[in-house]
Each structure stands twice: as C-alpha cells, then as structure tokens.
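This report concerns only the one structure given below.
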Amino acid sequence: MSALEIARKKISFDVNKLSHFIWEGEERFKRFMAFQKLCSSDPLLRNNPKDIGIGRAETYELYAKKMKKLLEVADLRDIKEFATLIYPEALVSSLNYEMFMPTILNLGTDEQVKLFYEPASRWEILGCYSQTELAHGSDINRIETIATYDKQTKSFIIHTPSLKATKWWGSDMGITATHVVTQAQLYIDGKRCGVQNFVVQIRDVKTHQTLPGILVGDIGAKFGYNAKDNGYLRFDNVRIPKVNMLSKYVNVSDDGQFTKTGDDKIWHATMQLMRQHFLDSVWKCLGIGLTIVIRYSLQRKQFKDALGQEIPIFDYQLQQHKLIPLIAEMYGCMLGSKRVFAMAQDNVARIKQKNDFSKMMEVHVVLSASKAYYTWNCFFALEKVRQCAGGHGYSYYSGIPPLITEMSPCVVAEGDNTVLSLSVGKVLLMYLNKAMQSGKAPNTTCDYLEDIFNYLTELKQPLVSKECTRDLNKVLAALRYNVAFNVANAGQKLQTLMGDKGLTFKEATDKHLGILLQEIAHTQSNYWTFRTFLEEVNALTDPNIKAVLTQLCLLYGLNKILEQQGQLFEYGVLSGPQFVWIRETRDELISNLKDNALGLVESIGYDDNSVRSAIGDSQGNPYEKLYHWAKDLNPLNDPEFHEQVFKTIKTIRTASPHAKL
C-alpha cells in the first residue's frame, strides 16, 4: 500500500459523514462533488498545468471562456457557491452576480429590479461595483465623486471633480462590465444629501464601446487575481435618468425633495452579506493548502532512523506542531463563518420583514472581527504551509503559491482588516459603557460584559490544575476573562483620556487607544469563535466525529491562550505553572490527532482538479507528477520554443562584453 493508503486506514471516523457535516448536509456535498466532476471532465473547464505562467491577456481570455462554458452547462447556484474553490483565478464577469445583482435587489425598487436586475440575471448586461476611489476607500463618507440633481431634466449629472476622485479597483470594470453600481455625493440645490448609490451605464451593450463622458480602463497587473480586470473609472458630467439612483430607502422627488423612505442602514446590512463571502472562501482556500501539505508530508521522507529506514517528515514532532494547529484554525474559521452567515441572513430578514435593526450592531461586531482575523490567520497559515512543503512548496506546480496570491487581497478587500478591527474595538467600548450603566450585556456576543464588575473585583483563575486544561468550559472561561479584561483596561484608559485630559471619544480612540482597540477585537474574535466551535461540537451526535472534533476544538482554544499568554499573565488569569500544563496538554492533543490529520482535511472533498497540485494529489507519486509537469507540460521545454529563442541565445554567446571579468 502507498503511504496515503496506509494513513487512510488509521482514520478513526467516517470521512463521508464529516464531509456532510462540513457541507451542511449530504445534498450540498453531492452538488459540490458533481460540480467538481463537471469541471474536471471538460477540457476547457479543467485546470491545465500548461496554463501556469501565461500572461494577463491570455489569462483573461481563458477565464472568460470558462465562464461562458459554465453558464451553458452548470447551474448558476453551483457556479456562485463552488467555482471560486475550483480555480486559481476569478471568473470573468463574476461581479455581475456577486455584487451588482445583490445590490440592485436589496437597494432597488421593484421598477429598478426589472430595469437592471432582471437583464443582469439573463446576462444581457454585465454589472460591476465600484465604491473605492484613488484617495478614499474605507472612509466612504469622504468620497469625492459628485451626483448633482437637475430638476429641469429630472436627471443626475455624475462627475469626477479631481484625480483623487477617480474610481479605482472595481473588479470587472476595466474591460468587461457594461454597467456599474457606484457611490457619489448627492447634491440638490447646492446642499449635500450624503453618499448615494447610482447605476451608470459605461459601455454600449451592442458594440461594447465606451460611452461618451466615460473614461475607463484596467489598472494593471497585481499581486494576484490577474484574470480580473480591476479598473479605473472617471465621469465627465455624465447624465443619467432619475430612475438610476437606487431608491428603495431614499428618494428624490421630481422637484428635488430628498427623503428617506426607510432606514438606509440596510445598505450596510447588504454589504455585510457581501463581506461574509470572504469568510466562507478563506477557510476553504486554507483547506486546499492543508490537503496538499499533509499528503506531501506523509510521502516525503528525509533522514534515517535507527533501523536505517527513511522517516516521513510528518513523523517529526515539529512538522506536526506546525500543521495540526492550522487544521484546528481552519475548522474554527469554518464553523465561525457558518454562524456569521446565519446571523447576517437573519439580520437582513428582520430588516426587510419587520424593519427591525436590533441585530445590526451585533452582526457588525461579529462579522468585522471574524473577517479581519479569519483572513489574517488563514493568509499567514498558508505561508507556513508553503514553508512546510520545503523547496517544492516554492514551485507553482505545488499548488501552494497561487493560494497565497489568491488569499492576499482578502485582508484589505471589502473592509481593510485594521479598520474593521478598530471599529469592533470602538463598538465594544460603547457596549462597556452601556453595561456599566445597566448591569447587563447588550447582547450574547459580548456576554462577558454582564459579569464585568465581578471580573474586576474578584478574579477566579479557571485553570487551577492540569486536568482543567482538558476542560473545554474552563478554557472558554480563560478566553472570556481575556477579552473582558482587555475591554475593561481600554475602558479605564478611555475614561482617563476623556475625563482628565478632556479629549473627545474620537480623539482618544484614534490617537491613543489604537493598539488596545485592536487587541480587544482580536480577543473578541478568539473568544466568540471558540465558543461557537464548542457549541457546534456539543451538538454532534456521531461519537467518532465528536471525539476528534472535541480534541481539535480544545487544541484551538489552548493555542489562542498561548498566542496571548502575556496578557493573561499580566491580568493574573494564568501563571507560569499553568502555562506549562497548557503546553503539555497541547502537545498531547497534537500527538493524538496525528493519525486523523489526513481525514480532517480530505473530508472537505476536494478532487485532484481542485487541489491542482503536483505534490498533493490523492493518488500520491509526487515526484513522478512533478517531473512530468516540468518536463512535458512546461512551455519553456517545448522544442518549438527552443527554436524561437535559439537566435537570441546565439547573439548572447557571440556578444563582445563591454567589461571583462
């Protein structure tokens, strides 16, 4: 038997049952597997190693063709859910269904849904979304693009007043989209009425030529996602009909009266749904990387044991300590992401059905903290994955480098992680103030605030013996203490800054509390994710899966304690001997989980086409496949290419060097 077959024999649980849990049911898992089979069996849709290293123009054309084929043979629901997991590049025109259509549906009137959403759903128009400008991204209220209402013609004039106001980064905008949802400062009779959403046609739907007053193009090569034509866009007094301002919650009458017909915070609720998709993709991206490196580590052998047998590198303790905690991280992000998605969906439903915004801020805290730390953690984890694959991990044929470039924009897109974490910290300080006044936590996300008085006056150490380090609830208590003390510490410093020094809340948080605010968000994310992980594990019914995921959950929690041990020591929650117990228990967990590592990553269900790796496919034989890809599928080894470059090489050999060595 091969090394992988031997490893699969050691798995202590039913991999298929765990797959159903991961994909939230057998039906969705079957859809995922069927979609993978569809892509891997089609010559155009499958990933081809020959495409590695092709230029941007060729990459764009290839992924445009893939999208066309998928629209012809696959269900759009499956494309939306699964395509980003199959390919190392984003599909051309995907912003049409990822951003353009949801924005119209959530912010548009019935008339606007018919006018823009329905033709976009039939791919008669191709939409994109462009909010960010050259000089402003996160600070949406300071964007400079102007929309002026003209009463006489009942239209808006969209204008870019400066270079800084140029729209920048819009995906699918450079050369693909015919329409864009964009944001601009609305002015009526010289009065600013805030940032509003407008649909602007930028290209002719028949000729695809740029329309008058529009200056649009591609912004150039990027660190990754080079199939995407991220664009720049400028408006030169472009006139659009009045109906093109999305008006489900705001309205401009014919005579120029601006009114709100609902709560425009729905816009932020809609953005929350879009932001959540990053959470769902990052753990799956890390899952591919871990699948590759665990398989490779089981097969790669280095150095001999006492019997003269070469040792698989996964048998080395250090390799296990590098990788198995990353599996725990992936599962924490996975379960947290599912919970966030459910909360965001519930929030939008409450708003639409009951005009109930009571969950809005809670969802903001959970989603923003999760987006920041899940994307950061998975991004840094993938770099560790690459290093764990040694020299071969540096090769694009390993499949790992494109995962890193794929993950990299997630830390700044749809909300810069630093800005999001600072926002979470500020909200939690406001929650602290409410809790101090009422004696109650504003919501279950920050339930620790209900006990804030007790925490500050009567500390009870949760891990008083080594046995306690194996108790999930006591580990939860330690993480709960940590976030509570962080919030209280920042709250006390805020009170001093505002009381003694007379600073405003904004001055204090912007100039003096940034580091503490980020620590609050970090510990909040760790606490909430571990609590969610624990709740999901407790709900499991399969004893074998529950046993393994319980160990993985405990490992996740102990690692989060060790990540922030300085704070817990400073606050008196844990002491030196307790950290020794934590490390000992962590080491035992990693050793116990070793034989299930392969099953934990293969349960995601990626086929070889999705893994797209010469060293990490399901059949093994990494060296044979790596050699085959390099020798037979590498364009630089094509004899015809050699003929083309021979003349250039010959000129180099016959050149007379200007300077002698």
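The values are calculated or read from the model by the stated rules, or taken from the named source; none is laboratory data. Small disclaimer: the values here were computed from a predicted structure and weren't measured. FYI the Cβ positions are ideal-geometry reconstructions off the backbone, even for glycines, and counts take in every protein chain you see. Keep in mind that these areas ignore ligands, DNA and RNA; they rest on the heavy atoms of the full protein, side chains included. Shrake-Rupley method; radii C 1.70, N 1.55, O 1.52, S 1.80 Å.
Taking helices (runs of 4 or more DSSP H) that fall entirely within region 335-438, which contain at least 3 residues that are of a type in the set (S, T, N, Q) and closer than 30 Å to residue 611 by Cβ?
Values: elements: 360-388, 401-407, 417-438.
Filter on region 335-438 gives 360-388.
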Among the residues of region 572-600, how many are over 18 Å from residue 319 (Cβ atoms) and crowded, with 18+ Cβ neighbours inside 10 Å? 6
Within region 55-97, of all residues that are without any contact (Cβ under 8 Å) to a residue 24 or more places away in the chain and not in a helix (DSSP H, G or I), the one farthest from residue 218 (Cα to Cα) is 75
Quick one: is residue 614 in contact with a Lys or Arg (Cβ under 6 Å, 6 or more places away or on another chain) and either open to solvent by 100 Å² or more (accessible area, probe 1.4 Å) or within 24 Å of residue 291 (Cβ to Cβ) (or both)? yes
For residue 423, indicate whether it is within 30 Å of residue 130 (Cβ to Cβ), in contact with a Phe, Trp or Tyr (Cβ under 6 Å, 6 or more places away or on another chain) and not aliphatic (A, V, I, L, M). no
Can you name every residue in region 538-568 that is closer than 17 Å to residue 327 by Cα, among the charged types (D, E, K, R) and touching a helix residue (DSSP H, G or I) at 6+ places or on another chain (Cβ under 7 Å)? 546, 560
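To keep it simple, each residue is scored yes or no on (1) open to solvent by 20 Å² or more (accessible area, probe 1.4 Å); (2) within 30 Å of residue 508 (Cβ to Cβ); (3) touching a helix residue (DSSP H, G or I) at 6+ places or on another chain (Cβ under 7 Å).
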{"site": "390", "(1), (2), (3)": "yes, no, no"}
{"site": "393", "(1), (2), (3)": "no, no, yes"}
{"site": "397", "(1), (2), (3)": "yes, no, yes"}
{"site": "420", "(1), (2), (3)": "no, yes, yes"}
{"site": "425", "(1), (2), (3)": "no, yes, yes"}
Going through region 161-173 in order, the residues found to be closer than 20 Å to residue 230 by Cβ and either open to solvent by 50 Å² or more (accessible area, probe 1.4 Å) or part of a loop (DSSP other than H, G, I, E, B) (or both) are 163, 164, 166, 168, 169, 171, 172, 173
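So which of 146, 188, 125, 158 is of a type in the set (Val, Ile, Thr), open to solvent by 30 Å² or more (accessible area, probe 1.4 Å) and in contact (Cβ under 8 Å) with a residue 12 or more places away in the chain?
Only one candidate passes the filter, namely 146.
Pick from region 374-385 the residues that are in contact (Cβ under 8 Å) with a residue 40 or more places away in the chain and surrounded by fewer than 23 Cβ atoms within 10 Å (Cβ to Cβ): which of them is nearest to residue 312 (Cα to Cα)? Steps first, answer last, please.
Residues of region 374-385 in contact (Cβ under 8 Å) with a residue 40 or more places away in the chain: 374-379, 381-382, 384-385.
So of that shortlist, the ones also surrounded by fewer than 23 Cβ atoms within 10 Å (Cβ to Cβ) come out as 376-377, 379, 384.
Working: 376: 30, 377: 27, 379: 26, 384: 18 Å.
Checking each candidate, the answer is 384.
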Considering only region 1-15, I want to know if a residue exists there that is loosely packed, with under 14 Cβ neighbours inside 10 Å, part of a loop (DSSP other than H, G, I, E, B) and at pLDDT below 95. yes
Failed condition for residue 90, given (1) surrounded by fewer than 21 Cβ atoms within 10 Å (Cβ to Cβ); (2) at pLDDT below 95, with all others met? (1)
